[in-house]
Amino acid sequence: MALQLNVNGEVQQLDPAPSPTTLEAVIKALGHNPQLVVAEHNGVIAPRRLWPTTPVANGDTLEIVTIVGGGS
């Protein structure tokens with residue numbers, strides 16, 4: 001079964017959807033390294049410790065920001 005999400009302002013479909021459809025599994029399925037991103041789920045910043053148990057449903061909105069190191 002497919003999972004349709006709004007990710008960073010764009011509609012994306014995961015087909016097949018990861019099982020279980022947790023925030024952690026969805027972030028991995030979208031090709032992100034969970035250790036290098038911050039995630040907002042339906043308008044709320046999601047604490048990383050809750051990702052393995054946070055369910056993601058069809059039509060949810062995710063904002064995923066990649067952490068970039070650097071500086072001078």
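Counting only Cβ charges, +1 for Lys and Arg and -1 for Asp and Glu, the dipole size of region 3-66 around its Cα centre is about 240 debye.
Sequentially through region 43-51, phi angles give Karplus couplings (6.51, -1.76, 1.60; θ = phi - 60°) of x, 10, 5, 8, x, 3, 5, 9, 3 Hz, Gly and Pro residues having no value and appearing as x. For the chain, taking Cα atoms only, Rg and Dmax work out to 12.1, 47 Å respectively.
What relative contact order, as a whole-number percentage, does the chain give when Cα pairs under 8 Å and 6 or more residues apart are counted?
Working: 109 pairs, mean separation 27.3, N = 72.
Over the chain, the number comes to 38 percent.
Modelled label positions at Leu36 and Asn58, each set 7 Å beyond Cα in the direction of Cβ, lie 3.3 nm from each other. Computed from backbone phi with θ = phi - 60° and the Karplus coefficients 6.51, -1.76 and 1.60, the 3J(HN,Hα) list for region 14-30 is 9, 9, x, 6, x, 10, x, 8, 8, 4, 4, 5, 5, 4, 5, 5, 7 Hz; x is used for glycine and proline.
What ranking do Val26, Val38 get, fewest neighbouring Cβ atoms within 10 angstrom at the top?
The most exposed by this proxy come first: Val38, Val26.
Bear in mind that the values in this text are calculations on the coordinates, not laboratory data. Since the model is a prediction, treat every value here as computed from it, not as a measurement. Cβ: placed from backbone, ideal geometry, glycine included. Neighbour counts: every protein chain shown.
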